[in-house]
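In what follows, a structure is listed as structure tokens, so that the remarks can point back to it.
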Amino acid sequence: MDGTVRPEVALDVADGRITAVRTGVGAPAPGDVPLRGLTVPGLANAHSHAFHRALRGVVQQGTGTFWTWRESMYEVAERLDPDRYFALARAVYAEMALAGITTVGEFHYVHHAPGGVPYTEPNAMGEALIAAAAEAGIRITLLDTCYLAAGFDQPLEAHQLRFSDGTAQAWAERAEALRPDGNTRIGAAAHSVRAVPARELPTVVEWARHRRAPLHAHLSEQPAENAACQAAHGRTPTELLAEHGVTGPDTTAVHATHLTERDIALLGGSGTGVCVCPTTERDLADGIGPAVDLREAGSPVSLGSDSHAVVDLLEEARALELNERLRTRTRGHWTAAELLRTATERGQAALGWATAGRLEPGALADFTTVALDTVRTAGPEPRWATEAVVFAAGGADVRHTVVGGRQTVRDGAHARVPDVPRALTQAIAAVRA
Ligand SMILES: [Zn+2]
């Protein structure tokens, strides 16, 4: 509740919410579900592209850059259809559940059939992702993404046609038909300043603000994006977003790696959230972003596994601190409790689940139990459990994942997807050329 570790805690749950938190309860009573380990609020994966999971291993060969990686990614995107995407996302979200993730923010832009031909059901791909999350037993915020251009004043390339609705207005009309439910929130995204022309940004912003929906955008992942934006507009991507009303407390900028001091002040001063994706950023050699400066400036920091080079929010969390140590050669930029908050409460808020992310009465009954008796976590005194988990545990140490009071993962096994590795193998084989 207050960031400290308490022994012998009982969480009373009714109708999917926590009704009471009782401490000093002793041994579980008959009828209780024992959750042995460190139970924390549900982990939130605030930035995901489910289909990138099919690239794991493939893009770890040879040299290459973000831009060559992107070519491989387009090849997989080309082979997706609603059925294949459902199967792949179901397996990937089940992998997330096993790693303790209770909510995923899916930054979704593969909207149409190859060539840009709409499906009979225009939201068939988005609906496949929503159904996949329900099957995998985790919540989803579908961040339906506006993607209209290949770059500043550059028309779409052939493999990007299926990402585009043509105009922001047409994007808004299609996204309008998506419906939230108890497991699903609908949010919006502007893919990036490269992919959404500045004149189209206000339509996306208005759509999101009108619905009080989360609004996300990729921001300054690569210096090349900054250079192209300066050449086209004479300003940084952050300045361009701020001028067009994109920044603000309901907005999350993803990556925010290459920023000026003025960019940091604009993001922090407006309360714009920042989603950092350390395992992807290191995999793609993007760089280390100024997460500490952003936090100090006023930006809530959340985490995402993005390309799913690995799916492990604890690894993302400790990377924030460990990257900073390598960069500055000093320690102690983030406490373990702060890192845990980025992986839970901050991420849930960035995805519009303000009542998840805390263990207190009234909150959604979403939580994750990490075992304290594995080879990685055994040893430390119970009062150091947070430090042990954040700095040494991984997804494989997650024992239980509870979503809305229901055990999605029980004793390390998925309750609804019996063989997750097999599901991944089959779904990935189906989309690999
Ligand atoms: Zn991304």
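The values are calculated or read from the model by the stated rules, or taken from the named source; none is laboratory data. Since this is a predicted model, take the numbers as computed values, not measurements. Here the Cβ positions follow ideal geometry from the backbone for every residue, glycine too, while neighbour counts run over all protein chains shown. Protein only, heavy atoms only, side chains kept; ligands, DNA and RNA dropped before computing areas. Shrake-Rupley method; radii C 1.70, N 1.55, O 1.52, S 1.80 Å.
What stretch of the chain, leaving out the sites themselves, is the longest with no GluC sites (Glu not before Pro) in a DSSP loop having at most 14 other Cβ atoms within 10 Å?
Numbers: sites that count: 8, 157.
My reading of the result: 158-433 is the longest stretch.
On C-alpha positions alone, give me the angle between the axis of helix 223-233 and the longest principal axis of the chain, in degrees, nearest 10.
Roughly 40 degrees, rounded to the nearest 10.
With r as the distance between the Cβ atoms of residue 183 and residue 83 and R0 = 25 Å, compute the FRET efficiency 1/(1 + (r/R0)^6) and round to 0.05. Don't jump to the answer; show the numbers that get you there.
Details: r = 21 Å, r/R0 = 0.83.
The formula returns an efficiency of 0.75 here.
Using helices alone, what [θ] at 222 nm do you get for the chain, with -39,500 (n - 2.57) per DSSP H run of 4 or more residues, divided over all residues and rounded to the nearest 500? Don't skip to the end; give the middle numbers.
Values: 15 runs with 148 residues, N = 433.
So the helix-based figure for the chain works out to -10000 deg cm²/dmol.
Net charge within 15 Å of residue 78 by Cβ-Cβ distance, Lys/Arg positive one each and Asp/Glu negative one each, not counting residue 78 itself? Display every interim value, and only then the final one.
Values: positive: 70, 79, 84, 162, 432; negative: 71, 75, 81, 157.
The answer is +1.
Once amide H atoms are built 1.01 Å from N in the peptide plane, which residues 5 or more positions from residue 406, or in another chain, come under 5 Å H to H?
Under 5 Å from the amide H of residue 406: no residue qualifies.
In nm, to one decimal, how far is the modelled label at residue 227 from the one at residue 354, with both set 7 Å along Cα→Cβ?
Reported label-point gap for residue 227 and residue 354 is 4.3 nm.
Heavy atoms of the protein only, probe of 1.4 Å, neighbouring chains included. What is the accessible area of residue 375 in Å², nearest 10?
Spelled out: residue 375, probe radius 1.4 Å, area about 140 Å².
All other residues with a Cβ under 15 Å from the Cβ of residue 117 taken together, and with Lys, Arg as +1 and Asp, Glu as -1, what is their net charge? Before the final figure, lay out each step's value.
Values: positive: 162, 174; negative: 78, 81, 121, 165.
Spelling it out: positives minus negatives among the neighbours equals -2.
Got a sec? Charge dipole of the chain, +1 on Cβ for Lys and Arg, -1 for Asp and Glu; which of 158, 201, 27 is way out at the positive end?
Working it through, the farthest residue towards the positive pole turns out to be 27.
Can you tell which of 209, 383, 79 shows the greatest fluctuation in a Gaussian network model of the chain with Cα springs below 10 Å?
Looking only at 209, 383, 79, the largest GNM fluctuation is found for 383.
If I compute solvent accessible area with a 1.4 Å probe over the protein chains, what percent of it on the chain is carbon and sulfur? Mind showing how you got there, number by number?
Details: 9040 of 17340 Å².
Of the solvent-accessible surface of the chain, carbon and sulfur hold 52 percent.
Given the C-alpha centroids of segment 279-294 and segment 71-85, what is the distance between them in whole angstrom?
Answer, in whole Å: 26.
If R0 is 45 Å, what FRET efficiency do you get for residue 335 and residue 173 from their C-beta distance, rounded to 0.05?
Numbers: r = 46 Å, r/R0 = 1.02.
Here the calculated transfer efficiency is 0.45.
Cut-off 10 angstrom, C-alpha nodes, Gaussian network model of the chain. Which of 322, 161, 215 fluctuates the most?
Sorting by GNM fluctuation, first place goes to 322.
In a GNM of the chain with a 10 Å cut-off on Cα contacts, which of 287, 273, 304 has the highest mean-square fluctuation?
287
Hull surface divided by four, with the convex hull built on the Cα atoms of segment 43-351: how many nm²? Kindly include the intermediate steps, with their values, before the conclusion.
Numbers: hull surface 57.0 nm².
Its Cα hull, projected and averaged over all orientations, spans 14.2 nm².
Please give the per residue accessible area of the chain, computed with a probe of 1.4 Å over protein heavy atoms only, in Å². Provide the component values of the computation, followed by the final result.
On the way: 17340 Å² over 433 residues.
Accessible area per residue: 40 Å².
About the Cα centre, and with charges only on the beta carbon of Lys, Arg (+1) and Asp, Glu (-1), how big is the dipole of segment 43-351? Nearest 20 debye, please.
Numbers: 27 positive and 39 negative charges, 100 e Å.
So the dipole magnitude of segment 43-351 works out to roughly 480 debye.
Starting from one equal scatterer on each C-alpha and no solvent at all, send me the Debye-based log10 I(q)/I(0) for segment 107-262 at q = 0.11 Å⁻¹, two decimals.
Debye curve over Cα of segment 107-262, log10 I(q)/I(0) at q = 0.11 Å⁻¹: -0.42.
Using the Cα atoms as the points, what is the convex hull volume per residue of segment 309-383 in Å³? Walk me through the numbers before you get to the answer.
Working: hull volume 10.9 nm³, N = 75.
Dividing the Cα hull volume of segment 309-383 by its residue count gives 145 Å³.
At a Förster radius of 51 Å, what calculated FRET efficiency corresponds to the Cβ-Cβ distance of residue 8 and residue 288, to the nearest 0.05? Write out the running numbers ahead of the final one.
Working: r = 40 Å, r/R0 = 0.79.
For R0 = 51 Å, the calculated efficiency reads 0.80.
Local charge sum around residue 380 (other residues, Cβ-Cβ under 12 Å, Lys/Arg +1, Asp/Glu -1)? Could the numbers behind the result be given before it?
Values: positive: 376, 383; negative: 373, 381, 387.
For residues surrounding residue 380, the net value is -1.
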